[in-house]
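First comes the structure, then the notes that go with it.
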Amino acid sequence: MKKIFGLVVWGLLFVLLLAAVDQALLRTDLDVPGYREARRFYVDFRDRLLRLSGAEQSLSIEGIIDRAPAAPPAKKADAGGYVYADEAGVLHMVDTLEEVPPRYRGEARPLGR
């Protein structure tokens, strides 16, 4: 009975130590050579294991940002719209070139350049 109790205590201590190391790797970001790469590998490996087991996981803000699809690059013409001046010298800003009156389209300049 004493051997079984000792085995259970050592097993529980081992599991608690593994949980502590797991949480330390998830929550600490040290500026040590090689640590960030090892941490990134561990977090990715752990995430894959949890997905295989079907366990529900809680994502951090960083995890959600990392998983978000990259936004498509904005086109220069569509990014900021256009600006033009009418005959009175009043500046007008519009979203698309089609919104510029035809007689001012030659003078319209894209915003953001």
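The values are calculated or read from the model by the stated rules, or taken from the named source; none is laboratory data. The structure displayed is predicted, hence computed values, not measured ones. So basically every Cβ, Gly included, is an ideal-geometry build from the backbone, and we count neighbours across all protein chains shown. In case anyone asks, the SASA skips ligands and DNA or RNA and just uses the protein heavy atoms, side chains included. Shrake-Rupley method; radii C 1.70, N 1.55, O 1.52, S 1.80 Å.
Descriptive notes on the structure:
- Taking each DSSP H run with n ≥ 4 as -39500 (n - 2.57) and averaging over every residue of the chain yields -16500 deg cm²/dmol at 222 nm.
- Share of carbon and sulfur in the accessible area of the chain stands at 65%, probe radius 1.4 Å.
- The chain, relative contact order in percent, only Cα pairs under 8 angstrom and at least six apart counted: 16 percent
- Distance (nanometres) between label positions extended 7 Å along Cα→Cβ at Leu91 and Phe5: 8.4 nm
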